[in-house]
Amino acid sequence: TIRSTIVALTVTALAFAGAVAVITTTLPAEAAALAAAVEDEGADCPVTLPGSLTANPRLPDPFKKLDGSRITAKSDWRCRREEIKKLAERYVYGEKPAKPTSVTGTVSSTNITVNVSHNGRSSSFSASVQLPSGSGPFPAVVVLGGFGADTAAIRAAGAAVINYDPYAVGREGTPRNNKQGAFYTIYGATSSTGLLMAWSWGVSRIIDVIAQSGGSVLKADAMGVTGCSRFGKGAFVVGAFDQRIALTMPIESGSAGVPIFRGIPGEGAQSLSSAYGEQPWLGDAFGSFTGSPNTLPVDTHQMVAMVAPRGLFIMDNPHIVNLGPKSASVAALGGAEVYKALGAGENITYWSDIQNGSHCANRPEWSAPLQQHIQKYLLKTGNAPGAIRISSRAAGNLAEWRDWQTPTLTDGPSTPPSPSTSPSTPPSPSSP
Ligand code: MCU
């Protein structure tokens, strides 16, 4: 009959639609949509920072907006992330200026040059390039500093290596009132922005040049970043503050990197005053908080969350207490709650389950997951799920650090509670 034919057709159509849906959700192309086309998608979000700070021994609620309400929809994350960005700039790293008036440069199979001008000042720097075998254009991983990252594995996986010297953009060994390097040539030697953010600005300008290059050698929409130790701190900040970065891979970053500031004193890691004083890595404003991290309105679990839903592979070393691996695991677990709420729980990996070895050693244990991450987020040919693999030697407990729970965020637009549909809570009869 006509009716049964329609039913059969409908069932066939549904089955077909179902098959298509399954194919689209498992297609690695989905990873392509994770990174943004711009450095900061939330640049238009209005943010008013708080006028005063209140001490909080727990990790600040990443879902709670500055106006005191909590986000309800996944789409709210865009502007909530902007609030976290502004807090992190103001209190931790210093401001990252937006793209300068003029950014030009060249991309070849061996080298990238970057020329920047802004407000009558100019500076430039360059980075060498090593291509993988095969034919391009290639995805690329920016390697900060040149040690501790497995560049052979990166190239064997099919991504180019961009050897970036952070010191060309923000030198070490200078006092805070006389900072040097390409960033400070533009923004001034007394800029209160620390080196980590200056380094991150430099990588953003490299991405600008690759994006403008026409894409015949390197692909601006398939960029990763990595580095170890102080350059792990840098890689973390690069990924948090440029949403074009599809894959962020900090290694053994230590204090001023991934570990929660609040956990560092109790764990006995490199102290905040030591990290603040050793080099001007953090912004000048952080100086007021080295002895009172509980007063910070933001902590590093929120920088982890800033990377969401993009690929994040945190490598850490549980054998060196000075690195704060327990505090780093708490940052990962706290940030992972935002990944989960955004439906991207599989995009974060924390891996400290490793054999002993010296700081920034080449670790065969990380080669396979490193290549899987490159395949998934840069080449878009893989789909290995992320994993949280915390060594029992240095395992933090998120429950001890939070007094908030993870909300179920809706897919649609945000629905602020309206007085006519949501009854107000009646006053409690038991309160005196
Ligand atoms: C872990 O990163 C740093 C550490 O914060 C410093 O105290 C130490 O001097 O250098 C480490 C590093 O960058 O090692 C290569």
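The values are calculated or read from the model by the stated rules, or taken from the named source; none is laboratory data. Source: prediction; values computed, not measured. Cβ coordinates were reconstructed from backbone atoms using ideal geometry, including for glycine residues, and neighbour counts include every protein chain displayed. These area figures cover heavy atoms from the full protein model, side chains too; ligands, DNA and RNA do not enter into them. Shrake-Rupley method; radii C 1.70, N 1.55, O 1.52, S 1.80 Å.
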Task: the stretch 286-299 - phi-based ³J(HN,Hα) in whole Hz, Karplus 6.51/-1.76/1.60, Gly and Pro as x - done: 5, x, 6, 10, 4, x, 8, x, 5, 7, 5, x, 8, 9
TODO: Name the residues whose placed amide hydrogens come within less than 5 Å of the amide hydrogen of Phe125, ignoring near sequence neighbours (fewer than 5 apart) on the same chain.
DONE: Val114
Task: Axial C-alpha extent at least 27 Å, average Kyte-Doolittle at least 0.5 - helices from the chain (DSSP) - done: 2-26
- [ ] For Phe147, enumerate residues with amide H under 5 Å from its amide H, sequence gap 5+ or separate chain, H modeled in the peptide plane.
- [x] Cys228
Task: Cross-link reach list, aspartates and glutamates versus Lys219, counting only Cα pairs under 18 Å and skipping chain neighbours closer than eight places - done: Glu30, Glu39, Asp208, Asp242
- [ ] Report Rg(Cα)/(2.2 N^0.38 Å) for the stretch 213-341, keeping two decimals.
- [x] 1.06
TODO: Quickly work out the Gln212-to-Ala37 label distance, labels modelled 7 Å from Cα along the C-beta direction, and quote it in nm with one decimal.
DONE: 1.8
Task: Kirkwood Rh (inverse of mean 1/r, distinct Cα pairs), the stretch 110-253, angstrom - done: 15.1
Open item on the list: Could you work out how much longer the chain between Ser52 and Thr295 gets when fully extended? Use 0.36 nm per residue separation minus the Cα distance between them, nm to one decimal.
Closed with: 86.5 nm
TODO: Between beta-carbons, use under 9 Å as the cut-off and find the net charge around Ala211, counting Lys and Arg +1, Asp and Glu -1.
DONE: -1
Open item on the list: Suppose all protein chains stay in the model; what accessible area per residue would a 1.4 Å probe give for the chain, in Å²?
Closed with: 42
Task: Zone residues, the stretch 128-163, relative to Ala361, backbone N less than 16 Å from point 7 Å out along Cα-to-Cβ - done: 148-150
Open item on the list: Could you derive backbone 3J(HN,Hα) for the stretch 58-67 from the dihedral phi with the Karplus parameters 6.51, -1.76 and 1.60 (θ = phi - 60°), listing whole Hz in sequence and x where the residue is Gly or Pro?
Closed with: 8, 6, x, 5, x, 8, 8, 6, 5, 7
Open item on the list: Compute the distance from the alpha-carbon center of the stretch 229-260 to that of the stretch 56-92, in whole Å.
Closed with: 19
Task: Modelled FRET efficiency - R0 30 Å, Leu66 with Asn397, Cβ distances, 0.05 increments - done: 0.60
Task: Sequence-distant lysines (8 or more away, or on other chains) whose Cα lies within less than 22 Å of Lys326 - done: Lys233, Lys340
Task: Surrounding net charge for Leu59, when Lys and Arg each add one and Asp and Glu each subtract one, Cβ distance under 13 Å - done: -1
Open item on the list: If I take R0 = 51 Å and measure r between the Cβ atoms of Thr406 and Thr190 in this structure, what FRET efficiency does the formula 1/(1 + (r/R0)^6) give, to the nearest 0.05?
Closed with: 0.75
Task: Solvent-free Debye scattering, log10 I(q)/I(0), computed from the Cα coordinates of the chain at q = 0.08, 0.12 Å⁻¹ - done: -0.45, -0.97
- [ ] Using θ = phi - 60° and the Karplus relation 6.51 cos²θ - 1.76 cosθ + 1.60, list the HN-Hα couplings for the stretch 155-170 in order, rounded to whole Hz, with x at every Gly or Pro.
- [x] 5, 5, 6, x, 10, 6, 10, 9, 7, 9, 9, x, 5, 5, 9, x
Task: Simple Cβ-charge dipole of the stretch 239-299, Lys/Arg +1 and Asp/Glu -1, about Cα centre, in debye nearest 20 - done: 120
TODO: Looking at the chain, send over the antiparallel percent of its DSSP beta bridges, to the nearest 5.
DONE: 40
Task: Long-range HN-HN contacts of Val141 with modeled amide H, under 5 Å - done: Ala160, Val161, Ile162, Gly224
- [ ] Between Thr174 and Ala98, take the C-beta separation as r, use R0 = 30 Å, and let me know the FRET efficiency to the nearest 0.05.
- [x] 0.75
TODO: Stick to the Cα atoms of the stretch 281-361, pair each with every other, and give me the Kirkwood hydrodynamic radius in Å at one decimal.
DONE: 14.1
